[in-house]
Amino acid sequence: LKGNNNSIPAKNISYAVVDYVEMNKPHPNDLEPNSFEPDILWPNRPLNAKEGQVQSVWVDVRIPAGTAAGTYSGTISVQVDGHTETLKLVVQAYGFDLPKVSSLENNFSFSPGTGWSRFYGCYGTLDYPPELFEKHAQVLSRYRVTCFADDWMTMRRKVRIIWEEDDN
């Protein structure tokens, strides 16, 4: 993306396909249960839109520290079955950097064995490997959210803990 005599490199642009989780059994505490909930973290979901189908894509642009305020623009191309569609991408940078260390203390916790299994409709049968936790943690860390898997009953079977000789 170019603008203001500066640029934002392509490596700072990523995307995720938005999939929809069918909510077969909405939680009784949900005030407005939906039949489907959007999910940008669905693992290993390729962009597979069929002709005439609308497919949402989440585009994430990380603006590097020191980027001057201004409008940055470029294009994104999507190719399907030999047909290429080029779309304009415009980003507004505000000219300030986030501090390297967040001053907001938080503990946004995961509960893959209970909360997420309910979300994905599998009620306790969700196979939640450390690799999927890592993917979720990477996405959340882009937004400066610290994450902690609080469901130790699910995670303890997945993570090998080794005690060193010096008791670490």
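Near VAL80, the amide H atoms lying under 5 Å from its own belong to GLU85; only residues 5 or more places off or on other chains count, and H is placed 1.01 Å from N. 3J(HN,Hα) along the stretch 70-79, derived from phi through the Karplus expression 6.51 cos²θ - 1.76 cosθ + 1.60 where θ = phi - 60°, amounts to x, 9, 10, 9, x, 10, 10, 10, 10, 10 Hz, with x in place of Gly and Pro.
Which order do the peptides 55-67, 84-96 take when ranked by the mean count of other beta-carbon atoms within 10 Å per residue, highest first? Write down the numbers at each step before the final one.
Details: 55-67: 13.5, 84-96: 11.2.
In descending order of packing, they fall as 55-67, 84-96.
TYR20: net charge of surrounding residues, Cβ under 10 Å, Lys/Arg +1, Asp/Glu -1, itself excluded? Each step should come with its number before you reach the end.
Values: positive: none; negative: ASP19, GLU22, GLU37, ASP39.
Around TYR20, the charge tally is -4.
Taking amide H atoms as placed 1.01 Å from N in the peptide plane, the amide H of VAL21 lies under 5 Å from those of GLU37, ASP39, each 5 or more residues away in sequence or on another chain. Can you check what the net charge comes to around TYR143, using other residues whose Cβ is under 13 Å from the Cβ of TYR143 (Lys, Arg +1; Asp, Glu -1)? The answer is +2.
No lab work stands behind these numbers, since they all come straight from the coordinates. What you are looking at is a predicted structure, and each value in this text was computed from that prediction instead of being measured. Heads up, the Cβs are rebuilt from the backbone with ideal geometry, glycines too, and the neighbour counts pull from every protein chain shown.
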